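Taken together, the values in this text are just the output of simple stated rules run on the coordinates, not laboratory data. Please read all numbers here as calculations on a predicted model, not as lab measurements. Here the Cβ is made from the backbone with ideal geometry for all residues, glycine too, and neighbour counts use every protein chain on show.
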Amino acid sequence: MKALRGKVLLLGRAIPVLALLGFGHCGAAPAEDPVTVDALLAESAKYLTSEPTKAQQPLERLRTLQPSFNAVQNDKYQRYLASSLGYQGRHEERVALVESIVQKPQSPANRARLLYELIDGNAALGRFESALQAMNESILLLPDLQHTTEKIAVLQGALALLHSFRAYDEALEFADRIHDLGITQNNAYAKCVGLTDKVELNFIRGNSTAALALVPDAIRDCDADKNLFFSLIVRTNVAIHLIDSGQYARGLEASLPLMQQFTVMADSSDFLTGLQEAVARAYLKLGNTQRAHHYGLLAYQRAQAGKVLQLQQETSETMATIQRAQNQLASAINYYDINLTLKKKALNEQQQKNLAYQRVRFETRDKANQMALLEQQSKTLSIEKELQQRRYQNLVLLLTLGAVVLTILGAWLIKTLRQKNLFRITAEVDGLTQVSNRTHFTACAKNCFAQAKTPVSLVLFDMDWFKRINDTYGHATGDWVLKTVCHTVKAQLRKGDLIGRLGGEEFAICAVQSVGQTEDDVRALAEACRAAIAAIDSGPSGFDFALTASFGIATRNSPTPHTYEETLVAADKTLYRSKNAGRNRVSVYQPAQDPQTQE
């Protein structure tokens with residue numbers, strides 16, 4: 001199964017997460033101009049957790065007031081400024097700022113906040129060893145942190161970094177620690193965060209059974225803590241899992257409402273991008289290439305704007321597959337080119353991460369053995385890159401060959417298919433009513449009767465006083481009646497039922513009883529058809545008259561009849577019993593009422 005697109009819960013957009021997880025922006029001490037400074041700090045904090053680009057204006061005003069800050073206000077300003085630089089992609093400045101102050105005397109909580117900025121900033125710059133070292137340093141601060149939310153933020157920051165390194169087992173250990181905090185302290189917030197992480201990580205690791213088992217508890221705890229966004233992420237994991245596991249219709253049913261919620265709650269979330277990409281794959285599998293292209297392009301454009309490498313890679317591959325399905329071969333090749341470039345970049349980046357991860361671990365482990373493992377992993381990545389290149393070259397060759405073949409055979413194939421479809425329709429469908437003709441209906445019904453263990457019913461119905469309608473209002477009106485009746489009856493049929501025109505105004509329905517169904521269900525079907533016909537408004541025909549039909553039912557599940565022909569005769573007799581009993585009614589064949597049976 002494909003992993004959920006984007007990063008682990010709440011880490012696709014790192015800085016607002018810190019506010020949510022407890023690296024937030026606590027109360028302020030007085031300053032020379034406390035109203036102005038504290039108000040601007042509060043405004044900056046608000047925008048950093050909702051609309052980061054708007055935080056630049058109050059931060060710029062704060063810069064001019066910096067000489068008047070007290071120690072608490074200065075700490076907040078430095079952190080907020082680092083966060084803002086991260087959102088602007090100015091990670092060099094961000095890291096330099098934090099490194100200039102992180103070694104100064106700090107409270108454990110503030111130091112942990114600054115270390116997070118180093119983790120995220122160094123990771124963005126590709127300085128993976130520095131990010132890991134900052135992560136290890138932040139974990140050492142856990143015993144000194146007073147608040148549960150501060151501990152969650154440290155654990156979540158480590159979990160995010162390990163997730164990006166594909167160290168999923170280690171990341172899951174941190175998710176367990178977050179959840180354990182919630183259990184030991186009866187904290188619904190910690191349980192919500194921990195369970196949400198565990199759900200996603202188990203899906204990524206391929207353990208969908210464990211992930212699905214955790215989903216009800218995760219939604220319960222997140223709803224209890226009123227964390228609707230966390231609950232939305234859990235449901236998004238489940239929806240994408242449905243699509244990844246081949247349950248495309250269920251996956252779409254679950255996904256479409258979630259996308260609407262994202263647009264209201266978190267329109268910039270990478271999870272929305274991942275969900276749109278999964279929806280595109282589902283529509284493609286269901287054969288709706290137009291909808292697949294719509295959502296695939298949305299996901300691709302969002303991934304390009306968000307610059308998350310994994311999402312860019314996966315959305316480009318999905319768009320290539322969609323374009324290929326639409327026979328847009330040139331566009332497909334273009335997307336495959338983009339995808340190949342991204343995969344090379346991802347492999348190179350992962351190779352660097354593996355090297356950094358192993359080097360940091362070497363500080364406490366046997367370096368010789370670890371280097372051997374590292375070299376093997378690097379060789380594996382190199383082989384993967386080479387194999388990917390060869391697959392791409394083969395694909396380009398196949399697409400080129402396919403384009404030539406399609407160009408030569410396309411026109412001929414289209415013409416042949418149209419003729420074949422026309423012949424099939426002519427041979428099987430009644431031209432006036434567009435239901436099965438007598439020949440096709442008989443063949444299909446006999447095929448059903450050939451299955452000895454299956455109860456099969458024939459429902460014959462005949463329009464009452466149809467000759468009067470033809471004689472009084474004309475044959476054009478009679479044709480309108482037949483077409484309208486067939487359209488009405490078809491709307492009542494179940495999946496697997498077949499209607500055919502035997503001749504004139506006489507029709508038949510072949511109803512195969514599924515497991516758990518009885519002859520009473522067939523009678524109910526016939527009653528529904530009779531009532532629907534009686535409810536037809538004749539106004540559109542230009543005349544006002546009543547429409548009714550008489551029905552006769554016979555079923556092959558009693559001593560007689562046995563064959564299709566015998567059942568048809570029995571149904572016909574029952575139809576005429578309805579006619580003789582006053583019309584506009586449904587009768588069921590009873591062997592005891594058949595003179596031949598009594599003999």
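Separation of region 142-191 and region 244-284 by C-alpha centroid, Å? One Cα centre to the other: 27 Å. Sparsely packed loop sites in region 232-324 (the GluC sites (Glu not before Pro) outside DSSP H, G, I, E and B with at most 14 other Cβ atoms within 10 Å) do not occur. When both bridge partners sit in the chain, DSSP labels roughly 85% of those beta bridges antiparallel. Assuming a ≥ b ≥ c are the square roots of the Cα gyration tensor eigenvalues, decide whether region 235-308 counts as rounded (a/c under 1.5), prolate (otherwise, with a/b larger than b/c) or oblate. The shape class here is oblate. Residues in region 187-205 near a label at A224, defined as backbone nitrogen under 13 Å from the 7 Å Cα→Cβ point? Answer for this model: 187-195.
Can you work out the FRET efficiency for the pair H562 and K467, with r the C-beta to C-beta distance and R0 = 41 Å, to the nearest 0.05?
Values: r = 34 Å, r/R0 = 0.84.
The pair H562/K467 has a calculated efficiency of 0.75.
Positive-end ranking of L232, L275, L162 along the dipole of region 158-295, with charges on Cβ about the Cα centre, is headed by L275. FRET efficiency for the V404 to Q377 pair, using the beta carbon distance and R₀ = 41 Å, is estimated at 0.50.
In a simple Cβ point-charge model (Lys, Arg +1; Asp, Glu -1; nothing else charged), region 190-294 has a dipole of about 260 debye relative to its Cα centre. Spin-label model, Q304 to N334: label points 7 Å out along the Cα-to-beta-carbon direction sit 0.9 nm apart. Database remark: amide H of V588 closer than 5 angstrom to the amide H of I553 (H placed geometrically; neighbours at sequence offset of 5 or more, or on other chains; Pro and chain starts carry no H). The modelled label-to-label distance for the pair L256/Q326, using points 7 Å beyond Cα in the direction of Cβ, is 2.0 nm. Once the Cβ-Cβ distance of K54 and Q103 is raised to the sixth power relative to R0 = 30 Å, the FRET efficiency obtained is 0.45. Taking a point 7 angstrom from the Cα of T36 along the C-beta vector, which residues in region 47-65 have backbone N less than 12 Å away? Label zone hits: 61-65. Partner lysines whose Cα lies under 26 Å from the Cα of K307, excluding those fewer than 8 positions away in the same chain, are identified as K2, K7, K46, K54, K198, K343, K344, K345, K353, K385.
Remark: region 119-135, residue by residue, has Karplus-estimated 3J(HN,Hα) of 4, 5, x, 5, 4, 5, 8, x, 8, 5, 5, 5, 5, 5, 5, 5, 4 Hz, where x stands for each Gly or Pro and the curve is 6.51 cos²θ - 1.76 cosθ + 1.60 at θ = phi - 60°. What angle do you read, to the nearest 10 degrees and between 0 and 90, between the alpha-carbon axis of helix 188-204 and the longest principal axis of the chain? Taking the Cα atoms of the chain, the angle to 188-204 is about 70 degrees.
Under the rule a/c < 1.5 gives rounded, and otherwise a/b versus b/c splits prolate from oblate, where does region 426-570 land using the Cα gyration tensor?
Values: a/c = 2.20, a/b = 1.79, b/c = 1.23.
It is prolate, given that a/c is not under 1.5 and a/b is the larger ratio.
Approximating the spin labels as points 7 Å out from Cα along Cα→Cβ, the N74-to-C444 distance works out to 8.5 nm. With a/c under 1.5 counting as rounded, go ahead and sort region 199-323 into rounded, prolate or oblate using the C-alpha gyration tensor (a ≥ b ≥ c being the square roots of the eigenvalues; past the cut-off, prolate if a/b is larger than b/c, else oblate). Note, shape of region 199-323 comes out prolate.
Give me the extension gain from A213 to R359: residue separation times 0.36 nm, minus the current Cα-Cα distance, reported in nm with one decimal.
Taking A213 through R359 to full extension adds about 48.9 nm, to one decimal.
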